[in-house]
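Working notes for the structure below.
The values are calculated or read from the model by the stated rules, or taken from the named source; none is laboratory data. Predicted model only: the values in this text are computed from it and were never measured. Methodologically, a virtual Cβ is constructed for each residue, glycine included, from the backbone with ideal geometry; neighbour enumeration extends over all protein chains shown.
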Amino acid sequence: MELPSLSEEEWTAIRLSLKVASVAVLASLPLGVLVAYLLARKRFWGHALLNGIVHLPLILPPVVTGYLLLIAFGRRGFIGSFLESTFGLILSFRWTGAALACAVMGFPLMVRSIRLSIEAVDLKLEEAARTLGASPVMVFLTVTLPLMLPGVIAGLVLAFAKAMGEFGATITFVSNIPGETQTLSAAIYTFTQVPGGDAGALRLTVISIIISMAALLLSEALARRVGNRIEAE
Amino acid sequence: MELPSLSEEEWTAIRLSLKVASVAVLASLPLGVLVAYLLARKRFWGHALLNGIVHLPLILPPVVTGYLLLIAFGRRGFIGSFLESTFGLILSFRWTGAALACAVMGFPLMVRSIRLSIEAVDLKLEEAARTLGASPVMVFLTVTLPLMLPGVIAGLVLAFAKAMGEFGATITFVSNIPGETQTLSAAIYTFTQVPGGDAGALRLTVISIIISMAALLLSEALARRVGNRIEAE
Amino acid sequence: MTFAVEIRHSQGDFRIEADFASEGGVTALFGRSGSGKTSVLRIVGGLVRPDHGRILVGDQVLLDTSKGICLPPHRRGLGYVFQEPRLFPHLSVRQNLNYGQWFARSRSSFADPDRIIGMLGLEALLPRRPGSLSGGEKQRVAIGRALLASPRILLMDEPLSALDEARKAEILPYIERLRDDLNLPILYVSHSVGEVARLADRVVAMADGRVTGIGNASEILGIQTIATGRESGSVLEGLVRLQDEDPDLAAIALRGCRLLVPRGDLHEGQKLRVHIPAREVLLATSKPQGISALNVLKGEIRAMTGSDGGAVDIALLCGEEVLRARITGLSAKRMDLMVGQSIHAIIKTVALDPPGRAR
Amino acid sequence: MTFAVEIRHSQGDFRIEADFASEGGVTALFGRSGSGKTSVLRIVGGLVRPDHGRILVGDQVLLDTSKGICLPPHRRGLGYVFQEPRLFPHLSVRQNLNYGQWFARSRSSFADPDRIIGMLGLEALLPRRPGSLSGGEKQRVAIGRALLASPRILLMDEPLSALDEARKAEILPYIERLRDDLNLPILYVSHSVGEVARLADRVVAMADGRVTGIGNASEILGIQTIATGRESGSVLEGLVRLQDEDPDLAAIALRGCRLLVPRGDLHEGQKLRVHIPAREVLLATSKPQGISALNVLKGEIRAMTGSDGGAVDIALLCGEEVLRARITGLSAKRMDLMVGQSIHAIIKTVALDPPGRAR
Amino acid sequence: AEKIIVFAAASMKTALDAANAVYVRKSGHQVTASYAASSALAKQIEAGAPADVFISADLDWMDYLAKKNLIKPDSRKNLLGNRIVLVAPKDKAKPVDIKAGFDLSALVGDGKLAMGAVNSVPAGKYGKAALEKLGAWSAVAPKVAGAENVRAALLLVSRGEAPYGIVYQTDAAADPDVSIVGTFPPDSHPAIIYPVAQVADARSAAASDYLKFLSSDEASGFFTAQGFSILK
Ligand SMILES: Nc1ncnc2c1ncn2[C@@H]1O[C@H](COP(=O)(O)OP(=O)(O)OP(=O)(O)O)[C@@H](O)[C@H]1O
Ligand SMILES: Nc1ncnc2c1ncn2[C@@H]1O[C@H](COP(=O)(O)OP(=O)(O)OP(=O)(O)O)[C@@H](O)[C@H]1O
Ligand code: MOO
Ligand SMILES: [Mg+2]
Ligand SMILES: [Mg+2]
């Protein structure tokens, strides 16, 4: 298919989407691994609560999530104003806010995948590592983490794909400002809202699919390499 | 928290949401398991394509997914008209259509979870089952399936939660007909669109959260039982 | 039932070329770690399809790559005891044991659950899950699971390695009965010369993926000193003759001589095989008197070979049987032994393994 | 280094009560499958925290539940060879071997990679991943990994069970050197009487989670006929005296008698222990002549007990050493043996295991 | 040059983009438009969004902000008007005389009447009001399929899922697959008004200049081309 030439604004949306999705996914990864580890391995007071909170963005209509983000992380929101006064970090109506929204929406998907993988790691191998002198942290880094990589990759892909498709929470939280918060899917949405926008929507949709498919293929190749290494113990 | 009394229409939306989410999740489960199995275990021409298609609903803005569903499964749609003339099955403007939309939106989440679990099943156990006389199908039913249950449960929960929160594709595909296609999250969305609707939206959101949390707790308990059974081989 | 295997296969850098056949009974695969024993078993079991190969059991073709025949594992009527237990973690011990029965077309008479569970000492474990079993317990469940599948061929990969002597002593006679009474072909991998000598009708020695020797237990275990180390010896076969003199003993009539063995549950006329490790045979130039060994066989030295460690391997002809002895070089020198010399071989009766029954 | 273990622990229905101490060297846990050997090892290794317990190595407290002390496994300075290999599937064989070195505070002199890799025959496997290794290869890598972690205590759970005799013969002397030269306390689980007799300074017999006997190898392996089946025998200790008569032989000076053994790499004055299985001792009423056994010891019958299978166990006093012999009831009757009678014990020299060095 | 940020109802995109392009060329200022649902935009302004100008698709959300003093009252103006029309798929289109007592329910038959969700989407609200006024509502109410927005309702008709729909004239005109079969009388429903106002803490000095441009004839051309009516 030949792509009709894209407008400057559309290129901007593509670049922005890539940036937002990548940052969202990578920045939430450490927390995702931590939360997944806690949920998989620890029994603590508040386990169910944490689990519930992680799933919230999935359960709530995205618009509601967006409103909650707006209330909490907006300039006048309690977290938002704290972040601004303390770190000078402004999320509202910035691409960073879009990344936050995407990260939040993708978080349950990421955590679930990672958690499943952690649960599949053989505790006997961790025991063996302990007896060889590895502290719990080193066991995690040298045994658990490498063995759960397939789940981490799956989680990254799901979250990335979700970030590419997400607009409900994003547009509600940080609006739809070209060059700053207008991601590809927000642009697509905008096109669907006006008469005759179908062609534009289709064009951008195809681009979105191409990007995500590339990410998907990459992840499969990666997972296969990791898998090959571990295969058939 | 005391719940203010709900209107008849809201009760209907709750019942409908439960029905739609349950049917969506359960009906898509067999296909989800099949696709996950193919993706995890088989190398075939079109592997990447199938994988891509499964992820599409995540990548596309929900509105676009809704449009695509309408075009394919609407009365005039090529699949929709076939279903109607062959099985008398009508999806458009019916709760069944809402279930389809929810199933489609939750499908990538379900497939990923199940796939991860299949990949974690030890092939050596399947070999052992083969040598004991079990055909490939019986091996799947008696060994692989029980061992991948944690992933199936995780997949069900994710898809159910998504079904509770999904409205973008649903409302675009089957519109918002009280008692037929107006799910809880569509009702919540409606509230958010009118000034002063916040209280109503909050009320329904709380209910949605309660339902999903119950499903979540149930699934955790289930997974723990299954896990206990398998634990520490 | 006869048994023929012909395999060419490469996995990674490792190449397997194995041809062997057997008249039935127990065929032992014997060889050092990494010599390809498990690989052969996996191919016979249908878990790996070799590059080229042909496998026959009786007149049934399990595999013939040249004709494109490759029976899937579940149609081969297998009982496979893997080198590691491979129990199903989601099933109880009882369900693990029953697993094969769910699919067996018919239940063999030997696959009697109570009997096998008793023999393996699994009664108390039945409701448990495999996760918390001890290593030996797991291995016993794995053996029971394979036997209860009513197999037509038995593949056993070091099945007794994690078990104590007492338990082994209970299981070995059972395997002998499978071999003898049921005519079940058994492919058996073991590092224990004792087990192999006792069970095997045919020993296939392997090294580096290749067969380096095929023969009966006596030939291979006697000759293959490299493979067997200090365990070289003789394997003799004869008929049981009960003794009136002592009810605890029985004689085995060999060709031209006889051996006294503990009676056990032997019965008159039964065919029987015994393994006599070469290092357990003493030689005396004159017939010793007042000695606690019941077996003193008169014979003639047929061959003498110096062996490592200053030991000398000696082959004796007693009647028509060849007996191997290993003594120190110093003794040989002192006694001034020579080929052709007549000599007495002294064998302590109880030094014999309780003998298995030959077919 | 001394070693003291005191454990009370319940897991499911199974209760462990184990108290034992050792002056150091190899402590063997010996007992039937399911008797609790692995459970004890896991507790000593810190993988399970017992309900009550106290574990001392030298003067270091690894565990003292009454004081709330429980050193985590990675601080115990362990080398743990598990009953199953437990190799890291994502690491190459080389990385598996090196794993412990990444964390070791200091590298022991014995943890020389080239040496250990050579001894275990792992050179060709180094770049491979564990997935495709054979059973024995995996076990060897697991042993190497534990040794290379420069442990201060070694816990070994049936480390040699999947290995062939030749490989065992290469590894055993190495373990002996760890015991002797490095004073490394070793807790060793094995079903092989030969291994235990050869290695163990102290044998702890277990049954049903309880310690049923503690003593040196001779006491336990000699007495515990139930545990050891046909392997009962004597374990004797003495000093090596080289022989001029034959360079292949050495004598072991015992209390009041001496034994000839293959010289191997023994040296003059060395302390040494040998295991003589009771079934390999012949008795003669008069001194036999022209016999291939080098060892004919004069002694006196001190005790006779009927044993199962019509065999008779006899304890002899040779000099000041007690030697056990097992002969058939028929022989005992024929020879008219009685307590107090003077007698000759015949032991084939090469029937002895190559003896390990005692500390 | 100044930078102006406009928060505008999503349905205005086509016309407003065109108008903005002209303004940018003429004034040298930079205009950025963020299109979303009026509800979201209003809430965002409430949360401190950096908007200078707000164009709502109905009066309610402008009133919402006005009540909270978040717009400059004297800058508020009713910019555009619109009409609602009855549409049918092109191939089945027959003119309908929309008047008091017309039997829409019979026309719809056992199909659905597609329109914006009657409680939330402005076009739905107007449609419901009109049908009530004309006495057609109670009969047709059970057959209403409420879409998330007008475009979705229009799609239902153009795909033939629904035999009739009520949408804005601006949307209907642009869809080749549907025909307008009747226009609702202006007095049958509250006036359809797109109000515009300067946000209270607008940062851009050019905001009022921009508002003036929107009311100019030059801008009007783009709006009328899209089917809006200009309110003076
Ligand atoms: N959670 C549990 N519940 C009940 N019994 C248990 C549990 N964990 C272990 N056991 C039992 O404890 C006993 C001792 O197990 P352990 O692994 O210590 O045996 P072992 O002496 O190492 O045997 P083997 O030689 O077979 O490896 C076994 O009978 C085992 O079934
Ligand atoms: N994919 C592979 N690539 C390279 N070498 C392989 C591969 N698979 C197996 N091997 C090698 O083949 C050899 C034979 O393995 P096999 O498991 O048959 O040995 P085995 O005789 O059963 O040994 P053991 O007694 O230790 O169990 C081993 O050296 C193993 O490392
Ligand atoms: O969760 Mo959505 O349906 O991608 O905005
Ligand atoms: Mg093997
Ligand atoms: Mg054990």
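Filtering segment A:55-94 down to residues that are of a type in the set (S, T, N, Q) and buried (at least 24 other Cβ atoms within 10 Å of the Cβ), which residue is farthest from the chain's Cα centre (by Cα)?
Within segment A:55-94, the match that is farthest from the chain's Cα centre (by Cα) is A:SER92.
Just a yes or no: is a residue in segment B:205-220 crowded, with 24+ Cβ neighbours inside 10 Å, within 14 Å of chain E (Cβ to nearest Cβ) and touching a residue at least 40 places away in the same chain (Cβ under 8 Å)?
Scanning segment B:205-220, I find no residue that is crowded, with 24+ Cβ neighbours inside 10 Å, within 14 Å of chain E (Cβ to nearest Cβ) and touching a residue at least 40 places away in the same chain (Cβ under 8 Å), so the answer is no.
Sort out which residues of segment E:49-97 are of a type in the set (Ser, Thr, Tyr), within 14 Å of chain B (Cβ to nearest Cβ) and surrounded by fewer than 22 Cβ atoms within 10 Å (Cβ to Cβ), and write them in order of number.
Correct list: E:TYR64 only.
Out of (1) more than 27 Å from A:ALA223 (Cα to Cα); (2) among the small types (Gly, Ala, Ser); (3) surrounded by fewer than 24 Cβ atoms within 10 Å (Cβ to Cβ), the odd one out for A:ALA134 is which?
Only one criterion is unmet by A:ALA134, namely (1).
In this structure, does A:PHE93 turn out to be away from chain E (no Cβ under 11 Å) and aromatic (Phe, Trp, Tyr)?
Criteria not met by A:PHE93.
Would you please name the residue that is farthest from ligand 2 (Cβ to nearest atom), looking only at residues in segment A:128-182 that are of a type in the set (D, E, K, R) and in contact (Cβ under 8 Å) with a residue 40 or more places away in the chain?
A:GLU180
Can you tell me which residues in segment A:1-46 are among the aromatic types (Phe, Trp, Tyr) and closer than 19 Å to A:ILE210 by Cα?
Within segment A:1-46, A:TRP11 is the sole residue that qualifies.
Please go through segment E:99-138 and pick out each residue that is in a loop (DSSP other than H, G, I, E, B) and buried (at least 21 other Cβ atoms within 10 Å of the Cβ). Give the derivation first.
Quick first cut of segment E:99-138, residues in a loop (DSSP other than H, G, I, E, B) only: E:99-103, E:109-112, E:117-121, E:134-136.
Matches in segment E:99-138: E:LYS112, E:ALA117, E:VAL118, E:SER120, E:VAL121, E:ALA136.
C:ALA124 - would you say it is at pLDDT below 90, of a type in the set (A, V, I, L, M) and over 23 Å from the mean Cα position of the chain (by Cα)?
So C:ALA124 fails the test.
A:THR181 fails exactly one of the following numbered conditions: (1) outside any loop (DSSP other than H, G, I, E, B); (2) more than 7 Å from every other protein chain (Cβ to nearest Cβ); (3) not hydrophobic (A, V, I, L, M, F, W, C). What is the number of that condition?
With (1) outside any loop (DSSP other than H, G, I, E, B); (2) more than 7 Å from every other protein chain (Cβ to nearest Cβ); (3) not hydrophobic (A, V, I, L, M, F, W, C) applied to A:THR181, the lone miss is (1).
Going by the conditions given, is A:GLY52 away from chain E (no Cβ under 14 Å), surrounded by 22 or more Cβ atoms within 10 Å (Cβ to Cβ) and more than 16 Å from ligand 3 (Cβ to nearest atom)?
Details: away from chain E (no Cβ under 14 Å): yes; surrounded by 22 or more Cβ atoms within 10 Å (Cβ to Cβ): no; more than 16 Å from ligand 3 (Cβ to nearest atom): yes.
No, not satisfied.
Restricting attention to segment A:57-71, report how many residues are facing chain B (nearest Cβ under 7 Å) and within 11 Å of A:PHE107 (Cβ to Cβ).
Of the residues in segment A:57-71, 1 are facing chain B (nearest Cβ under 7 Å) and within 11 Å of A:PHE107 (Cβ to Cβ).
Can you work out which of the residues in segment D:5-34 that are in contact with an Asp or Glu (Cβ under 6 Å, 6 or more places away or on another chain) and more than 25 Å from D:SER66 (Cβ to Cβ) is nearest to the other protein chains (Cβ to nearest Cβ)?
That would be D:SER33.
Can you spot a residue in segment C:149-172 that is away from ligand 5 (no atom under 16 Å from the Cβ), surrounded by fewer than 18 Cβ atoms within 10 Å (Cβ to Cβ), over 25 Å from B:GLU127 (Cβ atoms) and away from chain D (no Cβ under 13 Å)?
Scanning segment C:149-172 turns up no residue that is away from ligand 5 (no atom under 16 Å from the Cβ), surrounded by fewer than 18 Cβ atoms within 10 Å (Cβ to Cβ), over 25 Å from B:GLU127 (Cβ atoms) and away from chain D (no Cβ under 13 Å).
So, in segment E:198-214, how many residues would count as being under 27 Å from E:ALA172 (Cβ atoms) and either more than 17 Å from the chain's Cα centre (by Cα) or at pLDDT below 90 (or both)?
Of the residues in that region, 0 qualify.
Got at least one residue in segment D:28-38 being away from ligand 1 (no atom under 12 Å from the Cβ), touching a strand residue (DSSP E or B) at 6+ places or on another chain (Cβ under 7 Å) and either at pLDDT below 90 or at positive phi (or both)?
Checking segment D:28-38: not a single residue is away from ligand 1 (no atom under 12 Å from the Cβ), touching a strand residue (DSSP E or B) at 6+ places or on another chain (Cβ under 7 Å) and either at pLDDT below 90 or at positive phi (or both).
List the strands (runs of 3 or more DSSP E) inside segment C:295-341, counting only whole elements, that have at least 2 residues being at pLDDT below 80 and crowded, with 18+ Cβ neighbours inside 10 Å.
C:311-318, C:321-328
Within segment A:164-173, can one find any residue that is among the polar types (S, T, N, Q), under 30 Å from A:GLY77 (Cβ atoms) and either at pLDDT 90 or above or in contact with a strand residue (DSSP E or B) (Cβ under 6 Å, 6 or more places away or on another chain) (or both)? Lay out the reasoning, then the answer.
Going residue by residue through segment A:164-173, those that are among the polar types (S, T, N, Q) are A:170, A:172.
Right, trim to under 30 Å from A:GLY77 (Cβ atoms) and you get A:170, A:172.
Filter again for either at pLDDT 90 or above or in contact with a strand residue (DSSP E or B) (Cβ under 6 Å, 6 or more places away or on another chain) (or both), leaving A:170.
Scanning segment A:164-173, I find at least one residue that is among the polar types (S, T, N, Q), under 30 Å from A:GLY77 (Cβ atoms) and either at pLDDT 90 or above or in contact with a strand residue (DSSP E or B) (Cβ under 6 Å, 6 or more places away or on another chain) (or both), so the answer is yes.
Within segment C:231-244, how many residues are surrounded by fewer than 21 Cβ atoms within 10 Å (Cβ to Cβ) and modelled with pLDDT under 70?
1
So which of D:GLY12, D:GLY45 is more than 16 Å from ligand 2 (Cβ to nearest atom), under 27 Å from D:ARG105 (Cα atoms) and in the same structural domain as D:VAL203 (by the TED database)?
On the way: D:GLY12 fails: under 27 Å from D:ARG105 (Cα atoms).
Selected residue: D:GLY45, the only one of D:GLY12, D:GLY45 that is more than 16 Å from ligand 2 (Cβ to nearest atom), under 27 Å from D:ARG105 (Cα atoms) and in the same structural domain as D:VAL203 (by the TED database).
So which helices (runs of 4 or more DSSP H) stay within segment D:128-202 end to end and still have 1 or more residues that are outside the structural domain of D:HIS275 (by the TED database) and more than 17 Å from D:ALA217 (Cα to Cα)?
Working: elements: D:135-148, D:165-181, D:193-199.
Passing ranges, in order: D:135-148, D:165-181.
Just checking: which of the strands (runs of 3 or more DSSP E) contained wholly in segment D:28-119 hold 1 or more residues that are under 29 Å from D:GLY194 (Cβ atoms) and in contact (Cβ under 8 Å) with a residue 40 or more places away in the chain?
Where strands (runs of 3 or more DSSP E) fall fully within segment D:28-119 and carry at least 1 residues being under 29 Å from D:GLY194 (Cβ atoms) and in contact (Cβ under 8 Å) with a residue 40 or more places away in the chain, they are D:52-57, D:78-81.
Mind listing just one residue for me: the one in segment D:48-85 that is buried (at least 23 other Cβ atoms within 10 Å of the Cβ) and within 26 Å of D:GLY136 (Cβ to Cβ) and, of those, nearest to ligand 5 (Cβ to nearest atom)?
Per the criteria, the residue is D:PHE82.
How many residues, within segment E:33-58, are of a type in the set (D, E, K, R) and farther than 23 Å from B:THR190 by Cβ? Step through it out loud before you land on a result.
Step one: of segment E:33-58, the residues of a type in the set (D, E, K, R) are E:43, E:46, E:52, E:58.
Among the residues that remain, those that are also farther than 23 Å from B:THR190 by Cβ are: E:52.
Looking only at that region, the number is 1.
Is there a residue in segment E:106-115 that is touching a Phe, Trp or Tyr at 6+ places or on another chain (Cβ under 8 Å) and away from every other protein chain (no Cβ under 14 Å)?
Kept after step one, since they are touching a Phe, Trp or Tyr at 6+ places or on another chain (Cβ under 8 Å), are these residues of segment E:106-115: E:107-108, E:111-114.
Imposing the further condition that a residue be away from every other protein chain (no Cβ under 14 Å) reduces the set to E:107.
Yes, segment E:106-115 contains a residue that is touching a Phe, Trp or Tyr at 6+ places or on another chain (Cβ under 8 Å) and away from every other protein chain (no Cβ under 14 Å).
Which of the following residues is charged (D, E, K, R) and at pLDDT 75 or above: D:ARG255, D:ARG273, D:ARG263?
On inspection, the qualifying residue turns out to be D:ARG255.
What pairs can you find where one residue is in segment E:131-147 and closer than 16 Å to E:ASN119 by Cα and without any contact (Cβ under 8 Å) to a residue 24 or more places away in the chain, the other is aliphatic (A, V, I, L, M) and surrounded by fewer than 18 Cβ atoms within 10 Å (Cβ to Cβ), and their Cβ atoms are less than 9 Å apart, with a gap of 6+ or different chains?
Once the first residue is closer than 16 Å to E:ASN119 by Cα and without any contact (Cβ under 8 Å) to a residue 24 or more places away in the chain and sits in segment E:131-147, its partners that are aliphatic (A, V, I, L, M) and surrounded by fewer than 18 Cβ atoms within 10 Å (Cβ to Cβ) give E:TRP137/E:ALA129.
Can you pull out every residue in segment B:150-168 that is within 8 Å of chain A (Cβ to nearest Cβ), part of a helix (DSSP H, G or I) and of a type outside the set (A, V, I, L, M)?
Selection gives B:PRO150, B:GLY151, B:LYS162, B:GLY165, B:GLY168.
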